[in-house]
Amino acid sequence: MENFKIDVDADGIALVTFDVPGRSMNTLTSGVMAEIPQVVERIKTDDAIKGAVLTSGKASGFCAGADLGDMAGGMLAGGSLQDAFDAGWRLNGALRALETCGKPVAAAINGLALGGGLEMTLACHYRVAGDSPKIQLGLPEIKVGLFPGGGGTQRLSRLIGVQAAMMAMSEGKSFRPNDAKGAGIIHEVVPVGGEVEAARAWIKAGGKAVQPWDDKSFKLPGGGPYHPAGIQNFLVGNAMLRKQSYGNYPAVLNLMKAVYEGVQVPMDAALRIETRYFIKTLMTPQAQGMIRSLFLSKQELDKGAVRPAGVPKSDPKKVTVLGAGMMGAGIAYVQALAGIETILIDRDQEAADKGKAHVEELLKKRLSRGQIDQAKFDALLGSVTATTDYDLIKGSDLVIEAVFENREIKAEVTKRAEAQLQPGAIFGSNTSTLPITGLAEASVRPEDFIGIHFFSPVDKMMLVEVILGEKTGEAAIAKSLDYIMKIKKTPIVVNDGRGFYTSRCFGTYVAEGLAMLEEGYAPAMIDNIGRMTGMPRGPLEMHDDVALDLSVKIAKQTKEDLGDAYEPLPGWKIVQTMVEDLGRYGRKNGKGFYDYETKPKKLWSGLSDLAPVKINDSTPELVEDQKRRLLYRQAVEVARCWEEGVIDDPREADVGAILAWGFAPWTGGPITMIDQTGLKAFVAQADVYAAKYGPRFSPPQLLRDMAEQGRTFYGDFAGKQKAAA
Ligand code: NAI
């Protein structure tokens, strides 16, 4: 075997070491899946083996789960349903054979065990994990549109009860070792390094080779569907899942079905039920789209798929952040975590110190959670220098500017900072709205000037949008991406333009909500419909979050820039009145479409005077149509960005949309949505909306041409990649 090593000691205990060659982390590749049955067979049939300990040979973890790249296509490759079932059953069947092999098997979990990794250990009779904050145990499959398909739905439900298991699996939540022990997922936590010994000791002490569910006296904790308490789990759980997912995720429903049906039958049948629902889920467009965008494409971007190959790899060690406000401080924090020395500059020492205090606050949270120790805390905080002294910029590989959103101020700090920069160093602006080409006019080295657009809050948001000015050079792109990869964020690279890619397309969601408000939809209905599409919040709530006065500011700037070509958006007057006459700025001053004095927030009662409710129809047909309207409006804008050359890679467009503004993840992203809808159907529906609501819905010529020629975005892209190879 390539991936497993088996050493039998004098006591007859086999140490099975899982170690995929040439990879830093174990995953369940097709090679591993093929070898697991061999491992089980050996344990079962080798008379010299009395029991077995399963552990990992990797320092980085036990196993991160299925190799989704292998799996996504692999299981469905045969074409027939039976082939797909057989492929899906392979792991399930092997793990069932392991837990019924007649010999005690213990898992020594010496690193993170997620998805299929944790499922392997659940098929062992005993689980012991090291006491390390780095170890996470969980079943996160739901995050890519799947659910556990290696026995997890059945074993976890039988271990900790339906309610707790459903919660863990529907949220994809992971547990630290002590919490996992408290929940009943593992049996023992020992000091790091002692996992194998503890597992051995359990076997030597006569550990039983029978799973609780194979014992005749087994009772499902909390009860099953026909138990008075158990039924509640399904009644309430069903409603809760519906509330969370709005029926957008087949994985959520199929997960619940697998648990509901599975816990009523013996384990062998239960596992077959799980595999059936698993394969059914894997075949849905939602799972296919989510796996591609949220896992495969994201991973490719994380590894620098769009980095110019000709530029040698760089490693930024010292980076200056100009402006220690909300964004600057957040950036300083993620840099510190990545081991980058940071100079944090503001107008006066007090403002700079305030920024550093925010870094300290975030680091304290990590300290209190045990993610770093005091020495590390001191070192990380010490790596950030709060100052007003531009001389300290000297030696920086990169400067990130995050001062006020004002051209003159940005121009001034650009000049001052550049005077300190060595050749080859890059200047990045975190502007959210100002075109990069214009800002670069203040620079004496525009080839080194680039947009590096973070999202708020910086410590949580995974995406960074890199924006190219007209004169930005290849080296600046490559160095910016090296920096973004170092701080462990996902980069996309887009071309300059009003609102770049993410703000421009996100803006259409918010603006369409406003149009609905003007048409007479009830505000509550607008936000409910928004959430029902799978967007994280409704358009009015999101508008409050980004601030209404900011919208007014941007609209005024756009009017100034476009002159006669400017057309105010529908509903625009409502916002203007709210800001200019009523001082309602949004969440930031507690007054917007909602009032924030009470929790939960309440819709502002005065809104009905500004926008009287005229539409009282809430039939499912209307709701479906308006849901589609909100998604289409965004997708049309994405296609327009493509036509204008703002974006040109479907991976960036999809991953960027989901990570930046929460574009309904179940779709796999706007480009996947257009492809899966079919270009012809998409264009036809967009034309219907254009006739009804206006030219903002008109599909760009590009889409018409693609529809005509039977092309798709991902089809074209695959062709391009093939040609390049
Ligand atoms: P902020 O107002 O919290 O921070 C700006 C900081 O810049 C303040 O501490 C201010 O004292 C400092 N500053 C102003 N003039 C300066 C000068 N001449 N020299 C040095 N420091 C100076 O603003 P925030 O929200 O952090 O935004 C900063 C930039 O990031 C803006 O360009 C904004 O458009 C952009 N941005 C903001 C996002 C957000 O959600 N707030 C998201 C993405 C980008």
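The values are calculated or read from the model by the stated rules, or taken from the named source; none is laboratory data. Since the model is a prediction, treat every value here as computed from it, not as a measurement. Cβ placement follows ideal geometry from the backbone for every residue including glycine, while neighbour counts extend to all protein chains displayed.
Would you say Gln576 is within 16 Å of the ligand (Cβ to nearest atom), more than 24 Å from Val623 (Cα to Cα) and polar (S, T, N, Q)? Criteria not met by Gln576. Taking the stated definitions as given, is Ala52 touching a helix residue (DSSP H, G or I) at 6+ places or on another chain (Cβ under 6 Å), surrounded by fewer than 18 Cβ atoms within 10 Å (Cβ to Cβ) and at pLDDT 95 or above? Answer is no for this residue. Picking from residues in the stretch 149-171 that are assigned to a loop (DSSP other than H, G, I, E, B) and in contact with a Gly (Cβ under 7 Å, 6 or more places away or on another chain), the one that is surrounded by the most Cβ atoms within 10 Å (Cβ to Cβ) is Gly150. Against the test of being in contact (Cβ under 8 Å) with a residue 60 or more places away in the chain and more than 27 Å from Glu643 (Cβ to Cβ), the options Val444, Val458, Val494 yield a single qualifying residue, Val458.
For the stretch 296-330, the set of residues classified as within 30 Å of Tyr714 (Cα to Cα) and either crowded, with 20+ Cβ neighbours inside 10 Å or assigned by TED's automatic domain parsing to the domain that holds His453 (or both) consists of Ser297, Lys298, Leu301, Arg307, listed by residue number. Would the stretch 326-341 turn up any residue that is touching a strand residue (DSSP E or B) at 6+ places or on another chain (Cβ under 9 Å), of a type in the set (Val, Ile, Thr), over 28 Å from Val655 (Cα atoms) and within 16 Å of the ligand (Cβ to nearest atom)? No.
Does the stretch 540-556 include one or more residues that are modelled with pLDDT of 95 or more, of a type in the set (A, V, I, L, M), surrounded by fewer than 15 Cβ atoms within 10 Å (Cβ to Cβ) and outside the structural domain of Pro435 (by TED's automatic domain parsing)? No, every residue in the stretch 540-556 fails to be modelled with pLDDT of 95 or more, of a type in the set (A, V, I, L, M), surrounded by fewer than 15 Cβ atoms within 10 Å (Cβ to Cβ) and outside the structural domain of Pro435 (by TED's automatic domain parsing). Scanning the stretch 240-279 for residues that are over 21 Å from Gly222 (Cβ atoms) and not in a helix (DSSP H, G or I) yields a count of 4. Among residues of the stretch 413-430 that are in contact (Cβ under 8 Å) with a residue 60 or more places away in the chain, those with a Cβ under 6 angstrom from a residue that is outside any strand (DSSP E or B), sequence gap 6+ or separate chain, pair up as Val413/Val403; Ala417/Ile393; Asn430/Met327; Asn430/Ala402; Asn430/Phe454.
Looking at Gly563, Gly583, which is the one that is free of Cβ contacts under 8 Å to residues at least 60 places away in the same chain, in the same structural domain as Gly662 (by TED's automatic domain parsing), at positive phi and assigned to a helix (DSSP H, G or I)? Spell out the reasoning first.
Details: Gly583 fails: assigned to a helix (DSSP H, G or I).
It is Gly563.
The residue of the stretch 180-211 that is nearest to the chain's Cα centre (by Cα), among those that are loosely packed, with under 15 Cβ neighbours inside 10 Å and part of a helix (DSSP H, G or I), is Gly182. Filter the stretch 344-388 down to residues that are loosely packed, with under 14 Cβ neighbours inside 10 Å and closer than 16 Å to Asp459 by Cα and give me whichever is nearest to the ligand (Cβ to nearest atom). Among them, the one singled out is Ala357.
Residue by residue, here is whether (1) over 16 Å from Asn110 (Cα atoms); (2) touching a Leu at 6+ places or on another chain (Cβ under 7 Å) holds:
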position: Gly145; (1), (2): yes, no
position: Arg158; (1), (2): yes, yes
position: Met166; (1), (2): yes, no
position: Met169; (1), (2): yes, yes
position: His187; (1), (2): no, no
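Conditions tested, residue by residue: (1) without any contact (Cβ under 8 Å) to a residue 24 or more places away in the chain; (2) surrounded by fewer than 22 Cβ atoms within 10 Å (Cβ to Cβ); (3) assigned to a loop (DSSP other than H, G, I, E, B); (4) within 13 Å of the ligand (Cβ to nearest atom).
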{"position": "Ile409", "(1), (2), (3), (4)": "yes, yes, no, yes"}
{"position": "Thr433", "(1), (2), (3), (4)": "no, yes, yes, yes"}
{"position": "Leu439", "(1), (2), (3), (4)": "no, no, no, yes"}
{"position": "Gly451", "(1), (2), (3), (4)": "no, no, no, yes"}
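Applying the condition of being without any contact (Cβ under 8 Å) to a residue 40 or more places away in the chain, closer than 13 Å to Pro523 by Cα and not hydroxyl-bearing (Ser, Thr, Tyr) to the stretch 596-615 and asking which residue is surrounded by the fewest Cβ atoms within 10 Å (Cβ to Cβ) yields Asp609. The helices (runs of 4 or more DSSP H) located wholly in the stretch 618-699 that include 2 or more residues which are of a type in the set (Asp, Glu) and free of Cβ contacts under 8 Å to residues at least 40 places away in the same chain occupy 620-643.
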